[in-house]
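Novice: Structure incoming, see below.
The values are calculated or read from the model by the stated rules, or taken from the named source; none is laboratory data. Computed from a predicted structure; not experimentally measured. Neighbour counts are summed over all protein chains in view; Cβ atoms, including those assigned to glycine, are modelled from backbone coordinates with ideal geometry.
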Amino acid sequence: MALEYNMMEMMICVASRYLEDGKTVAVGTGAPCAAAMLSQKTQSPNLIILFEAGGVAPMLPQMPISVGDSRTFFRAVMAAGMIEMMTTCSRGQVDYAFLGGAQIDKFGNINSTVVGDYYKPKVRFPGSGGANDFASLCWRTMIMTVHSKSRFVEKCEFVTSPGFLTGAGAREEAGLPEGGPYKIVTDLAVMGFDEKTKAMMVESLHPGIEVEKVQAETGFKLIVPQKVERTAPPTDKELRILREEVDPLKLVIGRA
Amino acid sequence: MALEYNMMEMMICVASRYLEDGKTVAVGTGAPCAAAMLSQKTQSPNLIILFEAGGVAPMLPQMPISVGDSRTFFRAVMAAGMIEMMTTCSRGQVDYAFLGGAQIDKFGNINSTVVGDYYKPKVRFPGSGGANDFASLCWRTMIMTVHSKSRFVEKCEFVTSPGFLTGAGAREEAGLPEGGPYKIVTDLAVMGFDEKTKAMMVESLHPGIEVEKVQAETGFKLIVPQKVERTAPPTDKELRILREEVDPLKLVIGRA
Amino acid sequence: MKVLDQGVNPIFMDPDPDKAREFFRKKPRAMTDKRMTEKEVVEKFIPDGCYLGIGGFGANRIPTAVIHEILRARRKNLGFLGHTSTHDFELLCAGKCFNRLDAAYIVGLEARGLSPNARRYMESGEVKVTEWTNYSLAARLRAAAEGVSFGIVRSMLGTDTFKMSGAKVIECPFTGKKFAAVPALWPDVAVIHVHEADMYGNSVFRGISVADMELARAAKHLIITAERLVTNFSIRNNPTATSIPFYLVDAVVEVPYGSYPGNMPYLYFSDEEHLAAWMKVEKDPKEFEKFLDHYIYGVSCFEEYLERCGGLKKLKELQKLETLVEK
Amino acid sequence: MKVLDQGVNPIFMDPDPDKAREFFRKKPRAMTDKRMTEKEVVEKFIPDGCYLGIGGFGANRIPTAVIHEILRARRKNLGFLGHTSTHDFELLCAGKCFNRLDAAYIVGLEARGLSPNARRYMESGEVKVTEWTNYSLAARLRAAAEGVSFGIVRSMLGTDTFKMSGAKVIECPFTGKKFAAVPALWPDVAVIHVHEADMYGNSVFRGISVADMELARAAKHLIITAERLVTNFSIRNNPTATSIPFYLVDAVVEVPYGSYPGNMPYLYFSDEEHLAAWMKVEKDPKEFEKFLDHYIYGVSCFEEYLERCGGLKKLKELQKLETLVEK
């Protein structure tokens, strides 16, 4: 009988499969870092992990708490600085970046700055940090988040980091380089973006989830293509590596 | 009886006196470096020597052959790079820079690029190197050169590095920061620049040299103020330090 | 130059490179003994109202001792450079020390969550904020370090982050491509914690540099706090390792364990227990006041703070955590 | 963007950052064994007509072995980055390898004088030249390294150096100040000599970096020659020292004494006798041909060249000169 798993484990395992071998990925702390580490230990041994504060290809001994803590350059090949990492993105040498946020809209734009009036906010969040830079400069933005109507909104109250902005052609018009959101991995499904309109589209439903459930938890109309994939559940191997090697202290997978 | 000296020793000793203690100076190889080293060992122990390729405040064991050779950062406080040094100039933290050149004109512009047609030159010289950068970005440009009519020309055939360009207001008009040529030390005299017109002016005549001689070796009309100083000859102390500590192999002072 | 679009929020510091040059022209460059105490540096270089930048990365390689002293000296109305500021930001919010802010990453402590008190302060409307990103803020420092008035990046374009910034959209004169131009930023003063410095300010850090190379060069006044002082001979023995040369530095403060409760690469890990205690107690403003009195206002020096946090025994644990000798 | 003035000479390489991004998108990034011989790298990465940059500083930390191989392979019509190029420039002129040139410092060997043959070549009219300065050329590489299409400097303004460049005068959108905008430069290939590299290309050099940090990041293909190969473990043991990460690197060539006859900091000084012999023999084109046959065209590998220059005995002398143990 297959191992059971929680939604965080599900998200991490699914996200890890999108990271191709031999590519570079800029990660944050927590689930993105777990996904990248898992991918290295399963399908993509040559995946290169980068941290925005300067860590290049460390041999991560454990989950970092900060993208600038000493774990992020433990036995790294280089301990550089932020300008080094961001210009590496700008030159086109970073394939994936992972983002989170308080809100995401149908064009993959992300809000991690404020809810309410900007000048007297109801809630102040951290702001861009490096998120806007990654979303602007990396080839493929990955997003991991819990699926809920309050998070998946028609239009972000504040666009901190660019997805496809107002849709097809908008990134180009704004002057952003080629790139944009690639996959959104939630606890219910994987979403991509429609080639033509750049609007969010269901791509793959997690085990036991139907499209109605996904739509019900989404604050705008999702594109549903004729053929929607079914997400393969986490394999026993993925789960074992995730639990024993990637996050033995359950810092991330214990949060679900 | 005072020690005898050659014209190179004269120029180096005189130039060394203009370098104030506690200031920074960007030097090239040869005579400028000798002047800076001499100044450190006489009046300006806290003079800070910088090399454009990255050497900061070395304990120079001997004359460098190249502004990028290992002597330029021997026991230095930092071995940096060219952008570090040039941006230090650009920020306004470098007080003096030394330049040479094939031609210098009455506004202190320098030619070290070509004589004859640019596209098929009669003589091709090295070009700017870092000279234009120093002359643009440092506060005070020092020039050391032999005095002759072929070098001191009305107008440079090619302005490699800016002096005061076409005269008063021209640097500002071009967008250059405040700065410009400060003193020109030759084998005959020290020249400065007229406050108002920014044209070259005799300031101090070397021992035994009269103003007619200087004018005769200059290809344009020099400004001669009512009162021209008389250069103090190299002291025995200066000469001894120069010969014994700065340039014992006579790499520079043997060239006169 | 034609400006295609521009952010609406204020640029707090003058981006004129010639004014900065005039300042740097007069800044003393001689290699002199610059050792001071944290009290002296706050007194001398961090007056009310000045614009402050902090090195490191929030809770990694931060100059905690000087920040505590800023609180104890009751500094107010500072401008602050919110470039991935986490525990440093939490501290300055605790003291309500600043009233204008360039924000790239604020109020959060990364994986640890959001600071309740920092959020309260930022939601109060008392602070003027201009929005940036980590890279664009670093690019502003880089432009200042280069002695020019602006830099260009491909971030921010098309977003509200841009709209709430002080950036402008311009076109490349060679390709016609659009870029976000960001104004140079010369902070009045920056404080950076390093592994080693000599008494003149020549400084070495190990591990990532974050944006400290740029910050050190952009700041008009620079205060170094160092885990330990080394001889000038030691610096000259390996000039390749020097990151900050003496002529940038105004003061050197020796502070062993100076990044505590933050992480200091290769020396000690962050004190997650203590950082969690902050987050917890901040929920109750009354309790938080007592907490601040106990740990900051009521102590006379950084060593006393370290003692109250567990002293040498705690520091030894953090050292063990950091070095991972067993791995 | 309004352009107030512009240089008249050609920009040899396309400053479009999106084309560069497309290239870098496809450039392999995996950490694989990249060891090759100098013959192989010239064959594979330095074809006729490509645009070449050389690291180091003319006769300091230069990749001599690969430059010799470029001559032996009779490469022609290269573009060349003349950024304080001295002996490297002398070599490429000897082979008449390039026909277009971005010039900041050329034909000279600093305190050693001017190369007669390089002057002949540059005065022949056979080479298209665009003028720059050391800093503005470094700034072009820096812009490329940043993934943008231009950079700004306060050099060149008002001079013929500007007039004969490919720069443009623009105004700052914040202050109205004038700057020289310089186009990003992505060389097709660069060759940099370092102290240590692992087989993947992670590279360490000691001493000044000149413009190699920027060149390594701007070049589309990057060849590292290294005094010695070290293990990846050695690199990972001190990541602070790494200057060039593996993903920038296409090939690693192990070449002990690889900067000879140039200086290699901390290892060996330049061979001034040999460099003087070049300058002398260049005066007579016939003699120079024989000289080139003897030292370059007639030898099969770099070790043979070293032997002809005096071999281990000479190298030991240069080592003594460099280390200054007696000082």
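Novice: Return the residues of region D:290-309 that are more than 27 Å from residue D:227 (Cβ to Cβ) and either under 24 Å from the mean Cα position of the chain (by Cα) or among the β-branched types (Val, Ile, Thr) (or both); say none if nothing qualifies.
Specialist: Going through region D:290-309, the residues more than 27 Å from residue D:227 (Cβ to Cβ) turn out to be D:290, D:293.
The answer is D:293, and nothing else.
Novice: In addition: For region D:161-191, what are the residues that are surrounded by fewer than 23 Cβ atoms within 10 Å (Cβ to Cβ) and within 8 Å of chain B (Cβ to nearest Cβ)?
Specialist: Hits for region D:161-191 are D:169, D:177, D:178.
Novice: Pull out all pairs, ordered by first then second residue, where Cβ-Cβ is under 9 Å, the residues are six or more apart or on different chains, the first lies in region B:199-228 and is farther than 23 Å from residue B:103 by Cβ, and the second is of a type in the set (Lys, Arg) and outside any loop (DSSP other than H, G, I, E, B).
Specialist: B:207/B:230
Novice: Another one. Of the conditions (1) touching a residue at least 40 places away in the same chain (Cβ under 8 Å); (2) out of contact with any Cys (no Cβ under 8 Å at 6 or more places or on another chain); (3) buried (at least 24 other Cβ atoms within 10 Å of the Cβ); (4) within 9 Å of another protein chain (Cβ to nearest Cβ), residue B:116 satisfies every one except a single condition; which number is it?
Specialist: Unmet for residue B:116, out of (1) touching a residue at least 40 places away in the same chain (Cβ under 8 Å); (2) out of contact with any Cys (no Cβ under 8 Å at 6 or more places or on another chain); (3) buried (at least 24 other Cβ atoms within 10 Å of the Cβ); (4) within 9 Å of another protein chain (Cβ to nearest Cβ): (3).
Novice: Could you check residue D:152 against (1) within 14 Å of chain B (Cβ to nearest Cβ); (2) touching a residue at least 12 places away in the same chain (Cβ under 8 Å); (3) under 20 Å from residue D:78 (Cα atoms) and say which number it fails?
Specialist: It fails just one condition, (3).
Novice: Among the numbered criteria (1) within 29 Å of residue B:177 (Cα to Cα); (2) crowded, with 24+ Cβ neighbours inside 10 Å; (3) of a type outside the set (S, T, N, Q), which one does residue B:69 miss?
Specialist: (1)
Novice: Write out, first by first residue and then by second, each pair whose Cβ atoms fall under 7 Å of each other, whose residues are 6+ apart or on separate chains, and whose first residue, in region D:78-101, is more than 10 Å from chain B (Cβ to nearest Cβ) while the second is crowded, with 24+ Cβ neighbours inside 10 Å and acidic (Asp, Glu).
Specialist: Taking only residues 6 or more apart or on different chains, the pairs are D:81/D:102.
Novice: Given the structure, is residue D:35 crowded, with 21+ Cβ neighbours inside 10 Å, more than 9 Å from every other protein chain (Cβ to nearest Cβ) and of a type in the set (Lys, Arg)? Steps first, please.
Specialist: Details: crowded, with 21+ Cβ neighbours inside 10 Å: no; more than 9 Å from every other protein chain (Cβ to nearest Cβ): yes; of a type in the set (Lys, Arg): yes.
Answer is no for this residue.
Novice: Further question: Could you tell me whether residue B:97 is away from chain D (no Cβ under 13 Å), closer than 18 Å to residue B:20 by Cα and at pLDDT 95 or above?
Specialist: In short, no.
Novice: Would you point out which residue out of B:128, B:150, B:204 is closer than 29 Å to residue D:153 by Cα and among the polar types (S, T, N, Q)?
Specialist: Numbers: B:150 fails: closer than 29 Å to residue D:153 by Cα; B:204 fails: closer than 29 Å to residue D:153 by Cα.
Exactly one residue qualifies, and that residue is B:128.
Novice: Which of (1) over 26 Å from residue C:206 (Cα atoms); (2) within 14 Å of chain A (Cβ to nearest Cβ); (3) assigned to a loop (DSSP other than H, G, I, E, B) does residue C:105 not meet, given it meets every other one?
Specialist: For residue C:105, the failing item is (1).
Table: residues versus (1) in a strand (DSSP E or B); (2) on the phi > 0 side of the Ramachandran plot; (3) touching a residue at least 40 places away in the same chain (Cβ under 8 Å).
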position	(1), (2), (3)
D:185	no, no, yes
D:190	yes, no, yes
D:195	yes, no, yes
D:206	no, no, yes
D:217	no, no, yes
D:228	yes, no, no
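Novice: For residue D:236, work out the one condition from (1) charged (D, E, K, R); (2) out of contact with any Asp or Glu (no Cβ under 8 Å at 6 or more places or on another chain); (3) away from chain A (no Cβ under 14 Å) it doesn't fulfil.
Specialist: Unmet condition: (3).
Novice: Taking the options B:130, B:108, B:28, name whichever one is at pLDDT 95 or above, in contact with an Asp or Glu (Cβ under 9 Å, 6 or more places away or on another chain) and either within 30 Å of residue B:153 (Cα to Cα) or crowded, with 24+ Cβ neighbours inside 10 Å (or both).
Specialist: B:130
Novice: Given the criteria under 29 Å from residue A:75 (Cβ atoms), of a type in the set (Val, Ile, Thr), in a loop (DSSP other than H, G, I, E, B) and in contact with a helix residue (DSSP H, G or I) (Cβ under 8 Å, 6 or more places away or on another chain), does residue D:223 qualify?
Specialist: no
Novice: Read through the list (1) over 22 Å from residue D:323 (Cα atoms); (2) without any contact (Cβ under 8 Å) to a residue 60 or more places away in the chain; (3) buried (at least 24 other Cβ atoms within 10 Å of the Cβ); (4) of a type outside the set (A, V, I, L, M, F, W, C), then give the number of the only condition that residue B:21 fails.
Specialist: Just one mismatch for residue B:21, condition (3).
Novice: Considering region D:253-304 alone, what residues qualify as being more than 30 Å from residue D:202 (Cβ to Cβ), assigned to a loop (DSSP other than H, G, I, E, B) and β-branched (Val, Ile, Thr)?
Specialist: D:299
Novice: Looking only at region D:261-272, decide whether some residue is touching a Cys at 6+ places or on another chain (Cβ under 9 Å) and either within 14 Å of another protein chain (Cβ to nearest Cβ) or surrounded by fewer than 15 Cβ atoms within 10 Å (Cβ to Cβ) (or both).
Specialist: Initially, region D:261-272 is screened for residues touching a Cys at 6+ places or on another chain (Cβ under 9 Å), giving D:261, D:271.
Pick out the ones that are also either within 14 Å of another protein chain (Cβ to nearest Cβ) or surrounded by fewer than 15 Cβ atoms within 10 Å (Cβ to Cβ) (or both) and you get D:261, D:271.
Yes, region D:261-272 contains a residue that is touching a Cys at 6+ places or on another chain (Cβ under 9 Å) and either within 14 Å of another protein chain (Cβ to nearest Cβ) or surrounded by fewer than 15 Cβ atoms within 10 Å (Cβ to Cβ) (or both).
Novice: Pick out, from region B:131-225, the helices (runs of 4 or more DSSP H) lying fully within it that include 3 or more residues that are of a type in the set (Gly, Ala, Ser).
Specialist: B:131-137
Novice: Condition first: buried (at least 24 other Cβ atoms within 10 Å of the Cβ), within 7 Å of chain D (Cβ to nearest Cβ) and without any contact (Cβ under 8 Å) to a residue 60 or more places away in the chain. Can you find one or more residues in region B:139-152 that meet it?
Specialist: Checking region B:139-152: not a single residue is buried (at least 24 other Cβ atoms within 10 Å of the Cβ), within 7 Å of chain D (Cβ to nearest Cβ) and without any contact (Cβ under 8 Å) to a residue 60 or more places away in the chain.
Novice: Which residue, of C:158, C:125, C:166, C:151, is out of contact with any His (no Cβ under 8 Å at 6 or more places or on another chain), modelled with pLDDT under 95 and of a type outside the set (D, E, K, R)?
Specialist: Values: C:158 fails: modelled with pLDDT under 95; C:166 fails: modelled with pLDDT under 95; C:151 fails: modelled with pLDDT under 95.
Answer to the check: C:125.
Novice: Any residue that is more than 25 Å from residue D:52 (Cβ to Cβ) and either touching a strand residue (DSSP E or B) at 6+ places or on another chain (Cβ under 9 Å) or surrounded by fewer than 24 Cβ atoms within 10 Å (Cβ to Cβ) (or both) - is there at least one of those in region D:220-231?
Specialist: Yes, that holds for at least one residue.
Novice: Please verify whether residue D:21 is buried (at least 18 other Cβ atoms within 10 Å of the Cβ), in contact (Cβ under 8 Å) with a residue 40 or more places away in the chain and within 19 Å of residue A:175 (Cα to Cα), treating the condition exactly as stated.
Specialist: Taking the combined requirement at face value, the residue satisfies it.
Novice: Applying the selection to region D:132-171, what residues are part of a helix (DSSP H, G or I), under 16 Å from the mean Cα position of the chain (by Cα) and within 16 Å of residue B:137 (Cα to Cα)?
Specialist: Selection gives D:134, D:135, D:136, D:137, D:138, D:139.
Novice: When you go through (1) at negative phi; (2) of a type outside the set (A, V, I, L, M, F, W, C); (3) without any contact (Cβ under 8 Å) to a residue 24 or more places away in the chain; (4) surrounded by fewer than 15 Cβ atoms within 10 Å (Cβ to Cβ) one by one for residue C:311, which number turns out not to apply?
Specialist: Condition (1) is where residue C:311 drops out.
Residue by residue, here is whether (1) part of a helix (DSSP H, G or I); (2) out of contact with any strand residue (DSSP E or B) (no Cβ under 6 Å at 6 or more places or on another chain); (3) modelled with pLDDT of 95 or more; (4) within 14 Å of chain D (Cβ to nearest Cβ) holds:
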position: B:2; (1), (2), (3), (4): no, yes, no, no
position: B:5; (1), (2), (3), (4): no, yes, yes, no
position: B:8; (1), (2), (3), (4): yes, yes, yes, yes
position: B:20; (1), (2), (3), (4): no, yes, yes, no
